[in-house]
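> Below is the structure I would like to discuss, written out as structure tokens.
The values are calculated or read from the model by the stated rules, or taken from the named source; none is laboratory data. This is a predicted model, so every value here is computed, not measured. Backbone-built Cβ (ideal geometry, glycine too); neighbour counts: all protein chains shown.
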Amino acid sequence: MDKLDKIFEMQKAFDDDLIRNRHLEDIKPEQWIQKQTLAMISELAELLDEVNFKWWKNEKPLNEKAIKEEIIDILHFFTGMCLRMGMTSQDVFDIYMEKNKENFDRQYGKSTKPGYELDK
């Protein structure tokens, strides 16, 4: 099994367990996305705290383990959102590949989207 497939499988098992044990069956998909987005914002703020973004404070040594854990917390919520929207790991891969190509095209002036033309 592919690693991303395994992550999706494990997240689905966790989400299903959470829904069952916490009696969250009535939450609509869009409400889940809202809640997961807020949770992800919270995790992003925790990540910011780990990387000394407060320039007005003395820097603390970076805790790489804590940084990696915050990134994984973000991945949990991201994966949960994907599942809630009916996306598979294959969908994530395919859409990522399309978007990555578009992002490169934008940087080289090949995008049809306005605003990415190269200076001549």
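> For the condition of a type outside the set (Phe, Trp, Tyr) and outside any helix (DSSP H, G or I), what is the one hit in LYS101, LYS113, LYS68?
LYS113
> In addition: Going through the stretch 3-44 one residue at a time, which ones are surrounded by 11 or more Cβ atoms within 10 Å (Cβ to Cβ) and in a loop (DSSP other than H, G, I, E, B)?
LEU24, ILE27
> When both residues are 6+ apart or on different chains and their Cβ atoms are under 8 Å apart, which pairs have a first residue that lies in the stretch 56-81 and is touching a residue at least 40 places away in the same chain (Cβ under 8 Å) and under 28 Å from MET10 (Cβ atoms), and a second that is charged (D, E, K, R) and surrounded by 11 or more Cβ atoms within 10 Å (Cβ to Cβ)?
Once the first residue is touching a residue at least 40 places away in the same chain (Cβ under 8 Å) and under 28 Å from MET10 (Cβ atoms) and sits in the stretch 56-81, its partners that are charged (D, E, K, R) and surrounded by 11 or more Cβ atoms within 10 Å (Cβ to Cβ) give PHE77/GLU43; GLY80/ASP15.
> Return the pair list, or none, for Cβ contacts closer than 9 Å from residues in the stretch 86-111 that are farther than 16 Å from LEU75 by Cα and basic (Lys, Arg) to residues that are surrounded by 13 or more Cβ atoms within 10 Å (Cβ to Cβ) and modelled with pLDDT under 95, at least 6 apart or on different chains.
What qualifies is ARG106/TYR116; LYS110/TYR116.
> Quick check on the stretch 55-65. Is at least one of its residues surrounded by 15 or more Cβ atoms within 10 Å (Cβ to Cβ) and out of contact with any strand residue (DSSP E or B) (no Cβ under 8 Å at 6 or more places or on another chain)?
The answer is no, given that none of the residues of the stretch 55-65 is surrounded by 15 or more Cβ atoms within 10 Å (Cβ to Cβ) and out of contact with any strand residue (DSSP E or B) (no Cβ under 8 Å at 6 or more places or on another chain).
> Looking at the stretch 66-120 only, could you name the residues that are exposed (fewer than 12 other Cβ atoms within 10 Å of the Cβ), closer than 30 Å to LYS6 by Cα and hydroxyl-bearing (Ser, Thr, Tyr)?
Correct list: TYR96 only.
> Moving to a separate point now. If LYS12 satisfies all but one of (1) among the charged types (D, E, K, R); (2) in contact (Cβ under 8 Å) with a residue 40 or more places away in the chain; (3) under 30 Å from ASP119 (Cβ atoms), what's the number of the condition it fails?
In the conditions (1) among the charged types (D, E, K, R); (2) in contact (Cβ under 8 Å) with a residue 40 or more places away in the chain; (3) under 30 Å from ASP119 (Cβ atoms), LYS12 misses (3) alone.
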